[in-house]
Amino acid sequence: MVTPAPLLVLTDRHQARRPLPAVIAAAVAGGARWVLLRERDLPVAARARLAAELRELLAGVGGTLSVAGADPLGGAAVHLPAAAAAPPPGLALVGRSCHDRTELAGITGEDYVTVSPVWPTASKPGYGPPLRPRGLRDLVRFSPVPVLALGGVESAFQVRAARGAGAVGVAVLGAVMRAPDPAAVVADLLAAATAPPQPQEEPV
């Protein structure tokens, strides 16, 4: 399985500096082609409307919208939490959040996983110390499916380190949501994500 893009943008309207569709539109302008809709606290109808709006933004550039949880909200791509049941049948793309070897050992029909937290991040305080590239490399080698590095990814240097550790790409939340210029941030991170990986000998 090849992931839709080497950069996955995760949404968080509470951190976004502008309305979420505007932030995603800017991210798409910067080159983003894969977005994960979170916003699990929204009512289902409101979340479905938001999914449709973001899906339309991505459709114009051939992009992909994944939805956090088992309900794809009218699409065909979901991203499951670590403890969720087996992937629903008939979907085009299924991902799962993982944090250690035990969770990776439970992978069945998923196409990819995110592994986190790779660097310190306020959004993943309950999953132990950051893996850093050395810990990421260990989990990449253990994983049966492609791995995206998640957690504290804010710079091109970190993206290169994640790629050097074997990740096929990175998943980014705060660096894009909080950015004054999401397009510029995405373009910078995407350039690093698409460059040939350089092995990292030391943890970063």
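The values are calculated or read from the model by the stated rules, or taken from the named source; none is laboratory data. Model, not experiment: these values are computed from the prediction. Here the Cβ is made from the backbone with ideal geometry for all residues, glycine too, and neighbour counts use every protein chain on show. Note: accessible area is taken over every heavy atom of the protein model, side chains too, but ligands, DNA and RNA are not part of it. Shrake-Rupley method; radii C 1.70, N 1.55, O 1.52, S 1.80 Å.
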Odd one out for SER97 among (1) in a helix (DSSP H, G or I); (2) among the small types (Gly, Ala, Ser); (3) under 20 Å from ALA175 (Cβ atoms): (1)
Determine the pairs where a residue that is farther than 16 Å from LEU10 by Cα, located within region 61-84, has a partner that is loosely packed, with under 14 Cβ neighbours inside 10 Å and not basic (Lys, Arg) with Cβ atoms under 6 Å apart, the partner being 6 or more residues away or on another chain. ALA76/ALA92
All but one of (1) free of Cβ contacts under 8 Å to residues at least 24 places away in the same chain; (2) of a type in the set (D, E, K, R); (3) farther than 30 Å from LEU131 by Cα; (4) outside any loop (DSSP other than H, G, I, E, B) hold for GLU53; state the number of the condition that does not hold. (1)
Name the single residue that is most open to solvent (accessible area, probe 1.4 Å) among those in region 37-60 being within 18 Å of the chain's Cα centre (by Cα) and either more than 15 Å from ALA22 (Cα to Cα) or of a type in the set (Ser, Thr, Tyr) (or both). ARG40
Please pick out the residue among VAL35, VAL23 that is within 20 Å of VAL153 (Cβ to Cβ) and part of a helix (DSSP H, G or I). VAL23
Checklist (1) touching a Leu at 6+ places or on another chain (Cβ under 8 Å); (2) in a helix (DSSP H, G or I); (3) touching a residue at least 24 places away in the same chain (Cβ under 8 Å) applied to ALA183, failing item: (1)
Within the set of pairs 6 or more residues apart or between chains, which connect a residue that is in a loop (DSSP other than H, G, I, E, B) and surrounded by 12 or more Cβ atoms within 10 Å (Cβ to Cβ) inside region 104-132 to a residue that is modelled with pLDDT under 95 and among the β-branched types (Val, Ile, Thr) with Cβ atoms less than 8 Å apart? ASP111/THR3; PRO130/THR121
With the condition kept exactly as written, say whether any residue in region 19-37 is at pLDDT 95 or above and touching a His at 6+ places or on another chain (Cβ under 8 Å). yes
May I ask you to verify whether SER97 is of a type outside the set (Phe, Trp, Tyr), over 19 Å from LEU189 (Cβ atoms) and within 14 Å of the chain's Cα centre (by Cα)? yes
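Among the candidates GLY63, GLY74, which residue alone is at pLDDT 95 or above and open to solvent by less than 40 Å² (accessible area, probe 1.4 Å)?
Numbers: GLY74 fails: open to solvent by less than 40 Å² (accessible area, probe 1.4 Å).
So the residue among GLY63, GLY74 that is at pLDDT 95 or above and open to solvent by less than 40 Å² (accessible area, probe 1.4 Å) is GLY63.
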How many residues are in contact with a Ser or Thr (Cβ under 7 Å, 6 or more places away or on another chain) and within 18 Å of ASP181 (Cβ to Cβ) when one looks only at region 1-23? 1
Tell me, which residue of region 134-173 that is open to solvent by less than 10 Å² (accessible area, probe 1.4 Å), among the small types (Gly, Ala, Ser) and not in a loop (DSSP other than H, G, I, E, B) is farthest from ASP12 (Cα to Cα)? ALA161
